[in-house]
Amino acid sequence: MELSRRSFLKLSGAGAGVVALSQLGFPAPAFAAGEELRIREAKETTTVCPYCSVGCSAIVSVQDGKVVGLEGLPDSPINRASLCSKGQSIYQVANNDRRLGKVLYRAPGATDWEEKSWEDAIPAIARLIKDTRDATFVETEEVDGAKVTVNRCEGIAQLGGAALDNEECYLASKFARGIGLVYIEHQARI
Ligand code: SF4
């Protein structure tokens, strides 16, 4: 029988749990059935922890739109099924009544927020980026008495986060450099 790393960890974890609980007087088969039921109907998917640049992967079990299980991904060469205490709390990003689920906009000088659709928000963000770039673009600079072409935008900064993978970071930084940004930072360096 071929046993994946994940199956091995599951079996050894379940085995250890059953032995420990039976030693405490719990009926082991009942406990094992309860553990299985908890996520049996859930859909499993993988994700990357957003909290730091280590980039640990996790398996998330989702049922009825709620996260009901979370474990480190055994196949990840980075964390090999482990998650630190922050990583173990990432289900709270999803199971959280305080999480914003809609675009909110506060007009300049206003005190109240209004709901907007993504169809309204994305063109408005693009317009602001373009206008700011055009207003703050520097084409040349004097260096040692000579005019040097610099072509940079000094009015926008970009900050990346650890939840972006290599390819997303590549695209995000290409876009930023393409429009002339020089203030480009990443959460992991701050
Ligand atoms: S689980 Fe911990 S170490 Fe891994 S990415 Fe998340 S915060 Fe970083």
Worksheet item: Computed FRET efficiency, Cβ-Cβ of residue 63 and residue 165, R0 22 Å: what is it to the nearest 0.05?
Response: 0.25
Discussion item. For the range 103-189, give me the percentage of DSSP beta bridges that are antiparallel, rounded to the nearest 5 percent.
Written reply: 65
Item to complete: Pop a pseudo-label 7 angstrom from the Cα along the beta-carbon direction at both residue 102 and residue 142 and give the gap in nm to one decimal.
Response: 5.4
Worksheet item: Got a sec to turn the phi values of the range 106-118 into Karplus ³J(HN,Hα) couplings, 6.51 cos²θ - 1.76 cosθ + 1.60 with θ = phi - 60°, whole Hz, x for Gly and Pro?
Response: 10, 5, x, x, 7, 10, 9, 9, 10, 6, 10, 8, 5
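So which of 66/86; 66/130; 102/130; 43/130; 43/174 end up more than 30 Å apart by C-alpha?
Numbers: 66/86 19 Å; 66/130 39 Å; 102/130 24 Å; 43/130 42 Å; 43/174 35 Å.
Beyond 30 Å between Cα atoms: 66/130; 43/130; 43/174.
What order, most packed first, do the peptides 91-103, 128-140 have when packing is the mean number of other Cβ atoms within 10 Å of each residue? Please list the in-between numbers first.
Values: 91-103: 10.4, 128-140: 12.5.
Order by mean packing, descending: 128-140, 91-103.
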Discussion item. With just the Cα atoms defining each centre, how far is the range 36-98 from the range 110-162? Give it in Å.
Written reply: 35
Worksheet item: In sequence order, what are the phi-derived ³J(HN,Hα) couplings for the range 153-160 according to the Karplus relation 6.51 cos²θ - 1.76 cosθ + 1.60 with θ = phi - 60°, rounded to whole Hz, with x for glycine and proline?
Response: 9, 9, x, 9, 10, 10, 10, x
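How high is the FRET efficiency between residue 84 and residue 158 when r is their beta carbon distance and R₀ equals 30 Å, given to the nearest 0.05? The partial results should precede the final answer.
Values: r = 27 Å, r/R0 = 0.91.
That pair, residue 84 with residue 158, gives E of 0.65.
Would you work out if the range 41-99 is rounded, prolate or oblate? Take a ≥ b ≥ c from the square roots of the eigenvalues of the alpha-carbon gyration tensor; rounded if a/c is under 1.5, else prolate when a/b is larger than b/c, oblate otherwise.
Details: a/c = 2.51, a/b = 1.34, b/c = 1.87.
It comes out oblate by the Cα gyration axes.
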Practice prompt. Quickly rank 120-126, 57-63 as a protection proxy: mean count of other C-beta atoms within 10 Å, highest first.
Written response: 57-63, 120-126
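Given a Förster radius of 45 Å and the C-beta distance between residue 189 and residue 40 as r, what FRET efficiency does 1/(1 + (r/R0)^6) yield to the nearest 0.05?
On the way: r = 43 Å, r/R0 = 0.95.
That pair, residue 189 with residue 40, gives E of 0.60.
How high is the relative contact order of the range 130-190, in percent, with contacts defined as C-alpha pairs under 8 Å that are six or more residues apart? Don't jump to the answer; show the numbers that get you there.
Values: 77 pairs, mean separation 20.8, N = 61.
In percent, rounded to a whole number, it is 34.
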Worksheet item: Non-local amide H neighbours of residue 103 (under 5 Å, H modeled in plane, Pro and chain starts lacking H): which ones?
Response: 116
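Coordinate-derived values only; no laboratory data. Since the model is a prediction, treat every value here as computed from it, not as a measurement. As a convention, Cβ positions derive from the backbone with ideal geometry for all residues, glycine included, and neighbour counts pool all protein chains shown.
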